[in-house]
Amino acid sequence: MKYYEIATGYTPVPARMGAATEIVVEELVKSLEAKGHDVTLVDIKCNDRPDNPYKILEVNVPKKFQSTDVSLGIAHKFKRVIYSIGLASTLKKEIKRNKEEEVFLHFHNQYNLFFFLILTSNKLRKNAKIIYTNHSYIWHGEWSEIESSVRKKYFQEIYSMRNADFVYVLNDKALYNITNHVGGLKGRIALINNGVNTNVYKTLPESEVNEIKGKYGLNGKKVFIQIGSVCDRKNQLGAIKLLEPLMKSNGDIVFCYAGGIISAEYQAEIKDYSRENGIEDRVIYLGELHPGEELNEVYNMAEAMIFPSKAEGFSLVILEAMAAGIPVVINKSLKFAVADYCLQYDDKSEFEGLIKGRVFDKTEREDLVKKALEVINKNYSWDAIAEEYLRIHE
């Protein structure tokens, strides 16, 4: 049995930026290999790929399309199409080459699978089992609110899910929406969780945390963080507004956020609001952090991570923060497996109560962190998640 974990083409694996789906692909490759499976990572061509131990099958694209584009505009979409067409050609050759062996193709992106399906004959597709994990945040919403966008912008994903052999989704709401409003997937869809590398994301000694704070000039500060692309959906401005009363009553509180700037206009809005409300010097943009050690350091220096995102599949940063030993504060509208181990708020008053009563209370905070770490270590290692994939579709 041969496995192909198919990267999206957004940025090469190993990812040098916080590209969540690429991290998922890499971690699944590692775990499948550790379990003794024959697994190939299929990825966009990269002339300066970091050293890595993986068996990689590169998809050739023109050099100008090899760089990472964080703007997600027309050029990015064109790159996705170019990569997806090249990917389809590459995978067809692999299926033919391995015709005597059972082949699993695991896709993580709607463009990639859509073009593979329309460019590959039904006869050839029968020689491979096509698995699709739906990472799209859109399916997390209320159907009445998302139906129009789904029909207009996610028709490729609908087609891909209907024609895959099996589909995985990352939260109950997506499972409900897809099962009831896409149709045709009975017996071919299941819930799966994301995982976290607990060898990378972990609690650091207090002495190291103090050094990290010193590096960022934050000694003596109560640091709250948010990690994620800077855009309206991630709602960094919402986090600032939640924290603002506490910041004005406590001069030691700072809010640090990090991630690629998807919307320059939104970033400007954050700066304008912070300046107009007198907290500009305590709202700090850390830039785009490297996943791994650098990001783990930032988690560790925080009192908590605030995550008021408006829609998610299953955010990796929540698992990473929990594994690093800090509380995670989320809006109650976010629904996924570890939500019960986060602090959940509905409004500003409830948010402030959680910070004062659970985060700033040492005993309460330690109890919350301990329970979250127990759950992470037991159920959310990538080895455990890979085992779930294997159990369902083998």
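Every read-out reported here was derived from the displayed coordinates using simple, explicitly stated rules and does not represent laboratory data. Model, not experiment: these values are computed from the prediction. Methodologically, a virtual Cβ is constructed for each residue, glycine included, from the backbone with ideal geometry; neighbour enumeration extends over all protein chains shown.
Data table
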{"item": "Residues with amide H under 5 Å from that of G325, placed H, sequence gap 5 or more", "result": "none"}
{"item": "Helix runs (DSSP H) in the chain reaching 27 Å along axis by Cα, Kyte-Doolittle at least -1.0", "result": "74-97"}
{"item": "Highest-MSF residue in the chain out of G184, G36, G228 [GNM, Cα springs under 10 Å]", "result": "G36"}
{"item": "Those GluC sites (Glu not before Pro) in the range 134-172 that DSSP places in a loop and that have at most 11 other beta carbons within 10 Å", "result": "E142"}
{"item": "Per-residue Cβ neighbour rank within 10 angstrom, fewest leading, S207, S89", "result": "S207, S89"}
{"item": "Under 21 Å from the Cα of K215 - lysines, other chains or at least 8 residues apart", "result": "K202"}
{"item": "Sites matching chymotrypsin sites (Phe, Trp or Tyr not before Pro) across the range 199-272 that sit in DSSP coil, with at most 14 neighbouring C-beta atoms within 10 Å", "result": "none"}
{"item": "Trypsin sites (Lys or Arg not before Pro) lying in DSSP loop within the range 117-191, provided at most 15 other Cβ fall within 10 Å", "result": "K126, K186, R188"}
{"item": "Residues whose placed amide H lies under 5 Å from that of L57, excluding near-sequence neighbours", "result": "L41, V42, D43"}
{"item": "The range 206-379 - Rg over Rh from alpha carbon coordinates, Kirkwood radius", "result": "0.93"}
{"item": "Cα convex hull volume per residue for the range 174-224 (Å³)", "result": "146 Å³"}
{"item": "The chain: calculated mean residue ellipticity at 222 nm from DSSP helix runs of at least 4, using -39500 (n - 2.57)", "result": "-13500 deg cm²/dmol"}
{"item": "Partner aspartates and glutamates for K234 [C-alpha distance under 13 Å; skip if fewer than 8 residues away on the same chain]", "result": "E312"}
{"item": "Cα gyration tensor category, rounded, prolate or oblate, for the chain with a/c compared to 1.5", "result": "prolate"}
{"item": "Most fluctuating residue given options S148, S229, S84, as computed from a GNM of the chain linking Cα atoms under 10 Å", "result": "S148"}
